[in-house]
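Have a look at this one.
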Amino acid sequence: MPNITPDQKRDGMSLLRIVLFVLAVAGCATAPARAPVDVTGRWSGTWLGHGVAEVPREDDVTLDLVQAGTVGKGRLLMLGTLAADSIPDSVRDSGMTAVRVVFDVSGNRIRLSHELGTDLFEAEMVVLGDRMVGRIVRADPPVRFDLTRERLQAASVPLALAPAAAPPPPPASIGAPAGPPPAGVPPPPAPRRAAPPPAEFRAAPELRTIHFDFDRSEIRPADAAILDANAEWLRAHPERFILIEGHCDERGTAEYNLALGERRARATLTYLLGRGVAGTRITLTSYGFERPLCAEHTEACWSRNRRAVLLVK
């Protein structure tokens with residue numbers, strides 16, 4: 001067996017390292033990229049953070065996403081944010097009308113941002129099967145998300161044979177006026193109108209205020225009858241925008257009453273939606289106990305202040 005000098009042994013080890021390095025680089029270069037997860041659909045769950053005076057907060061959140069490849073867009077709706085200082089102003093100011101977001105996907109990681117820029121809102125999310133968790137970037141105190149994908153249940157319907165396709169229409173002559181669209185083809189949707197600011201809304205004598213029990217946001221039977229009449233008038237005036245204000249009496253903290261007023265406004269919105277009033281016309285806000293109708297420390301006065309007011313423009 002030939003003798004191997006120390007220099008030859010050292011050169012052999014260096015060559016072995018080079019070969020191993022080349023093989024490792026080649027393996028990494030040929031490894032397939034991880035396909036992005038599909039997040040299209042509705043995700044719902046909770047956000048966890050802090051409100052005024054560092055009080056822990058937990059409330060509902062809904063995220064609707066539409067994905068095309070590695071990018072997409074959607075809407076983020078966070079409830080109870082009016083009294084949460086750690087939530088970005090762009091989300092808090094939207095109330096319960098949702099924030100339009102865009103996103104990009106890399107593997108199972110998602111980066112959400114406000115459609116107008118990351119300086120307004122940005123979040124990092126991770127998808128784990130039908131669960132999505134994450135946080136708002138630059139939120140102090142931290143704000144976390146815990147969401148679950150909502151699975152749609154397919155309805156059981158009988159299958160029917162598709163009708164035979166109609167023959168194509170003859171080509172129109174040059175210069176002839178365009179005819180009406182084919183029957184059954186819906187017209188393109190009208191552009192959505194931007195909601196005016198709250199200062200532009202005014203009271204209408206046809207719209208009555210509803211009231212609530214102490215520390216509650218459920219619609220009572222007598223107030224449901226009032227909302228039925230309000231909904232009838234609103235359906236007859238589809239050109240009007242609507243602002244729903246949620247109010248509370250003086251008992252409780254400012255933070256709690258802002259959230260309670262928000263729930264009362266949302267309960268009113270939900271009822272009107274069920275009576276055929278378009279949600280695109282409605283804006284919500286909560287004033288908590290900041291705008292009382294009366295200042296007496298009696299139940300009679302408090303019951304007047306626990307209300308939801310409908311204003312129009």
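Roughly how many nanometres apart are two label points built 7 Å out from the Cα toward the Cβ at R291 and R144?
So the label points at R291 and R144 sit 3.7 nm apart.
While we're on this one: Name the shape class, rounded, prolate or oblate, that the alpha-carbon gyration tensor gives for the stretch 198-312, where a ≥ b ≥ c are the square roots of its eigenvalues, rounded holds for a/c under 1.5, and otherwise prolate holds if a/b is larger than b/c and oblate otherwise.
It is prolate, given that a/c is not under 1.5 and a/b is the larger ratio.
Could I ask something else about it? What net charge do the residues around F212 carry, taking every other residue with its C-beta under 12 Å from that of F212, with Lys and Arg at +1 and Asp and Glu at -1?
+2
Calculate the spin-label point distance for A225 paired with S303, positioning each point 7 Å from the Cα along the beta-carbon direction, and give it in nanometres.
1.6
Please give the length that would be gained between R109 and E124 if that part of the chain were fully extended, namely 0.36 nm times their separation in residues minus their C-alpha to C-alpha distance (nm, one decimal).
Working: separation 15, 0.36 × 15 = 5.40 nm, distance 0.75 nm.
Taking R109 through E124 to full extension adds about 4.7 nm, to one decimal.
From a point 7 Å beyond the Cα of A236 in the direction of its Cβ, which residues of the stretch 198-215 have a backbone N at a distance under 13 Å?
Only 205-207 pass the distance filter.
No lab work stands behind these numbers, since they all come straight from the coordinates. Nothing here was measured: the structure is a model prediction, and the numbers come from that model. Every residue, glycine as well, gets a Cβ built from its backbone with ideal geometry; the counts of neighbours run over all protein chains shown.
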